[in-house]
Amino acid sequence: MLLLSLILVPFIGSAIAALMPANARNSEAWLAGGVTLFGLLVTAYLFAQVGDGGVVRFHADWLPSHGLNFILRMDGLAWLFCMLILGIGLLVVIYARYYMSPADPVPRFFSFLLAFMGSMLGIVLSGNLIQLVVFWELTSLTSFLLIGYWHHRADARRGARMAFTVTASGGLCLLAGVLMLGHIVGSYSLDVVLASGDAVREHPWYLPTLVLIALGALTKSAQFPFHFWLPHAMAAPTPVSAFLHSATMVKAGIFLLMRLWPTLSGTPEWTWIIAGAGLCTLLIGAFCAIFQHDLKGLLAYSTISHLGLITVLLGIGSPLAMVAAIFHTLNHATFKASLFMAAGIIDHESGTRDMRHLRGLYRVLPYTATLAIVASAAMAGVPLLNGFLSKEMFFAEALAVGSARNWGMSLAAILMGIFSVAYSLRFIYVFFGPLATDLPRQPHEPPRWMRFPVEFLVLCCLVVGVAPGWSVGPFLNTAVVSVLGERTPYYSLAVWHGFNLPLLMSILALVGGVAFYTLLRRRYNLIHSDRGVPLLYRFNGKQAYESTMLRLTASAALLERLLSTRRLQPQLLLLMIALLVVPMLLVNPLSNLDFPGIGEFHPMFAMLWLIGCACAIAAAWQAKYHRLAALSLVGGAGIVTSMTFLWLSAPDLALTQLMVETVTTVLILLGLRWLPPRIVPRELNFQAPRSAWLRRGRDLVIAVVAGLGMCLVSYAVLMRPAAPDGISDFFLTRAMSEGGGSNVVNVLLVDFRSFDTLGEIAVLAIVALTVYALLRRFRPAPESVPIPAQQANSVDPAAGQTPSQQVTSGYLMVPSVYLRLLFPIMGVIAAYFFIRGHNLPGGGFVAGLTFAVAIIVQYMLAGTVWVETHLRLQPHRWIALGLVTACLTGLGAWWFGYPFLTSHTAHVTLPLLGEIHLPSAFIFDLGVFGVVVGATILILVALAHQSVRSHRLPAGGTAPRSPGREVR
């Protein structure tokens, strides 16, 4: 349960932070810090179980028949990344407390931050590949919210969209690759996948699987050619950059490559794809960083370069390269997070991050400058700092790859070292020289606790650089063993290894970097010009992305023009043609079916269908002249459909159809007010041109043939003889024994296929909230409801009423006090249907629709003011409570050790009542009831408010925006 708490607590803290008041900045920081500290302590406690190569697991069945279970798995590698996420996360929370302005929506910031933290922990701890992809996409979503936190800024919105588009696209590729990998292995369990490396590498699907998974990892970790999104994500607040873009999110792709290294590595394809992308990224990122003018821009490109370094090490594929990759991941997170925070302090205190205006800051920021210089030296690979150790290991692995004739990797490593020294010196230069006098603010040292995270991280750089074996050796070894197992090589973390080629390469990088930067300083315009990066200024990743998006948008617009129309009739024509073509494609399957006879002829049933057909035809005819009459006739056809279900012994479908017809009728009634008047004189109808008659005849033929085709397919499927061991027999025989109910339909919905029902009510909730959000911003035309001339002439000026007000007040002619009695009666009927649903026709869906209709009747007849005053409706909460109730039912099954949403029936004996059955599906059905009521009321009442507001608009006026919520 400790592993489960590591993921649940951040999400719970995120929800609490979102509900906190805007001015409680200390409280929010304490909440976020407490959540992070809790996770940090739990992770530290679990080291005793993973330190000796052990694995801590949490398993909960979800869909065991499909291999989809909720599995949490912590080994040494996951433990190290958890400490990285939570440790730097805690420092970022402390830093953000002083960085964020009181004017910012701080609750939203900490809510997004904690949600992202929980998502990252979910990636690291996932023991199921599908589950890992879910958390992977959650990090894309939460990072989008964090990058676009200052949504009033155009650069933040663009950067957030770019990051989300690239990383989410990579996530889709990752999902496809994971599905293929699971198919190869036969399981999505990470333990099985890691043990099946030979089978995966020998499979014909290995290469496409590798490419798809690599696309997911490379996009998330900003590797070439997807590196362009990371610099534009620097529009986020600096705490976000320090957390996401140095220590966590960009490390997710690195973690994935490390995690799947035993399964996918060891082939030339792996080396060419992974190491090739990393090598390009390593050089491009380092070179571009030198010519940036923004402090965070420089750090962004340097992050890209260091991520490329780690990717190259993983692509090399040797065990020692894996050791160096894990070690440099840890080192990079420490010095880069401290540098981002130092850049944030400079920006916070001076008001700018432009290095062309920053100089001499050491005079006013001596402590911050010292810390930033040490961290920059660690980034450059100066001896006695942590960056030197892992970079020297990288040089050693580059030499191992090369040979006397193949020294390209070694040269690339030296070039990267030279560039890293150059951009580190560029960062350091802002602290020297005469103090700038044109800064927006007079800089001074930040508050003590704002500087503390930087001090702690710089201290880590020093301690690891001086005593690596004592400080980080045991933790690094635990992570390495969890990945390599028996292949773990001997390696040394000693500071001094004697005079050797890696040391010579480090010296060449340091000396060459200083000389290169000095040369660029003498050519001042080369660094400070606005011409872009030399040699690479023509290769603009952002421009390529924007061009691609514009072409996609243009292509979509072209398809819309070709295949879509604003008119409803052509769209219905395409739909009818599709309904005609699909049955024709099923000719062969239909030919093998044995169609039984119609059986006994029932005149009453035939009369019922004749009535329904007459209603449908009359509705189509009346729609041209009288929409209200057409709506009434459509309702008649719906009632006939309900009676047909009842005739065919499907009472549940009949009840549902009847209530849906009622709600739909109300919905269309409210929508009729928005439709423009359509006056078509009858005398012109029979004088229509011949083309119009041909078009109508064509539409009639297509509609009839398509309807008959679908009818034929439905009849063939429904009348097929049931197999003895078929699916229908399965539900009929097990509904009572395993579902605890005799109503097979309800047991099917809330027990056997409850997961599908949970998805359906979630979709229903999303649709309701979407409609509500759209209606709040939509304003109907002020004269959308035509008023007959005789009614307009009957306006009583003395009463001070407009015609529209008289129309509205006409609903109140029936005494509302009698109509209010309908509400408790219909409420009792809804409760009756709900309680009996597990054994008799009814259930949460029908009961929810019945109760929603009861409320809608009050709105229509008793008046909006009275209903909202006395009933205090809050449809948003109905939806939320319904979803939470349904989800808690599934979690309750987990609590007792059963798969998600497994139902259980308790038999309780009560005085007077005797033995009663209490199935857990009853609680799930209660959640369905809440969502149906909330979604229906939210849509219809929002629509009703819009219609009422359209009536009250003055002629030629515009609708004022309501300052508050319109649906309570």
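Brief remarks follow.
- With respect to the stated conditions, Val472 fails to be at pLDDT 80 or above and over 30 Å from Thr263 (Cβ atoms).
- Within the stretch 764-775, residues that are without any contact (Cβ under 8 Å) to a residue 40 or more places away in the chain and more than 14 Å from Val933 (Cα to Cα) reach no partner that is part of a helix (DSSP H, G or I) and among the β-branched types (Val, Ile, Thr) with beta carbons closer than 8 Å at six or more positions or on different chains.
- Any hit, the stretch 316-324, residues being modelled with pLDDT under 90, outside the structural domain of Phe394 (by TED's automatic domain parsing) and either surrounded by fewer than 24 Cβ atoms within 10 Å (Cβ to Cβ) or among the small types (Gly, Ala, Ser) (or both): no
- Close contacts from the stretch 195-216, counting a first residue that is over 18 Å from Leu484 (Cα atoms) and a second that is in a helix (DSSP H, G or I) and of a type in the set (Gly, Ala, Ser), with Cβ to Cβ under 7 Å and a gap of 6+ residues or different chains, come to Thr209/Gly177; Leu212/Ala176; Leu212/Gly177; Ile213/Gly177; Leu215/Gly170; Gly216/Gly170; Gly216/Gly171; Gly216/Gly177.
- Counting only residues that are within 15 Å of Phe432 (Cα to Cα) and among the small types (Gly, Ala, Ser), the stretch 351-361 holds 1 of them.
- Test for Phe924: is it of a type in the set (Phe, Trp, Tyr) and either in a helix (DSSP H, G or I) or at pLDDT 80 or above (or both): yes
- In this structure, Val374 does not satisfy being more than 36 Å from the chain's Cα centre (by Cα), farther than 30 Å from Ile273 by Cα and either basic (Lys, Arg) or surrounded by fewer than 19 Cβ atoms within 10 Å (Cβ to Cβ) (or both).
- Under the condition of being assigned to a helix (DSSP H, G or I) and more than 15 Å from Gly13 (Cβ to Cβ), the residues counted in the stretch 42-53 number 7.
- Residues of the stretch 902-909 include at least one that is at pLDDT below 80, over 15 Å from Leu758 (Cβ atoms) and not in a strand (DSSP E or B).
- Output for the stretch 239-255, where each listed residue is more than 11 Å from Leu314 (Cα to Cα) and assigned to a helix (DSSP H, G or I): Pro239, Val240, Ser241, Ala242, Phe243, Leu244, Met249, Val250, Lys251, Ala252, Gly253
- Identity of the residue in the stretch 67-83, aliphatic (A, V, I, L, M) and outside any strand (DSSP E or B), that ends up nearest to Ala479 (Cα to Cα): Leu77
- Matching residues, the stretch 285-301, being of a type in the set (A, V, I, L, M, F, W, C) and in contact with a Phe, Trp or Tyr (Cβ under 8 Å, 6 or more places away or on another chain): Ala286, Phe287, Cys288, Ala289, Ile290, Leu295, Leu298, Leu299
- Within the stretch 185-196, being β-branched (Val, Ile, Thr) and surrounded by 19 or more Cβ atoms within 10 Å (Cβ to Cβ) holds for Val185, Val193.
- Yes/no for Leu309 being farther than 30 Å from Thr263 by Cβ and among the aliphatic types (A, V, I, L, M): no
- Residue in the stretch 462-481 that is of a type outside the set (A, V, I, L, M), within 30 Å of Gln292 (Cα to Cα) and surrounded by 18 or more Cβ atoms within 10 Å (Cβ to Cβ) present: yes
- Looking only at residues of the stretch 131-156 that are within 19 Å of Thr219 (Cβ to Cβ) and among the aliphatic types (A, V, I, L, M), we find that the one that is surrounded by the fewest Cβ atoms within 10 Å (Cβ to Cβ) is Val134.
- Residues that are under 15 Å from Leu113 (Cβ atoms) and either of a type in the set (Gly, Ala, Ser) or crowded, with 19+ Cβ neighbours inside 10 Å (or both), drawn from the stretch 12-26: Gly13, Ser14, Ala15, Ala17, Ala18, Arg25
- Among the conditions (1) within 16 Å of Ala286 (Cβ to Cβ); (2) at pLDDT 85 or above, Ile527 misses just one, which is (2).
- Counting the residues of the stretch 639-652 that are surrounded by 19 or more Cβ atoms within 10 Å (Cβ to Cβ) and either touching a residue at least 60 places away in the same chain (Cβ under 8 Å) or under 25 Å from Gly697 (Cα atoms) (or both) gives 1.
- Residues that are in a helix (DSSP H, G or I), in contact (Cβ under 8 Å) with a residue 12 or more places away in the chain and of a type in the set (S, T, N, Q) within the stretch 2-41 comprise Ser5, Ser14, Asn26, Thr36, listed in sequence order.
- Flag set for Thr334, criterion: touching a Cys at 6+ places or on another chain (Cβ under 8 Å), in a helix (DSSP H, G or I) and either of a type in the set (A, V, I, L, M) or under 24 Å from Pro237 (Cβ atoms) (or both).
- Qualifying residue in the stretch 53-66 (condition: under 26 Å from the mean Cα position of the chain (by Cα), among the β-branched types (Val, Ile, Thr) and either crowded, with 21+ Cβ neighbours inside 10 Å or modelled with pLDDT under 95 (or both)): no
The values are calculated or read from the model by the stated rules, or taken from the named source; none is laboratory data. Just so it is clear, the structure is predicted and the values come from calculations on it, not from any experiment. Cβ coordinates were reconstructed from backbone atoms using ideal geometry, including for glycine residues, and neighbour counts include every protein chain displayed.
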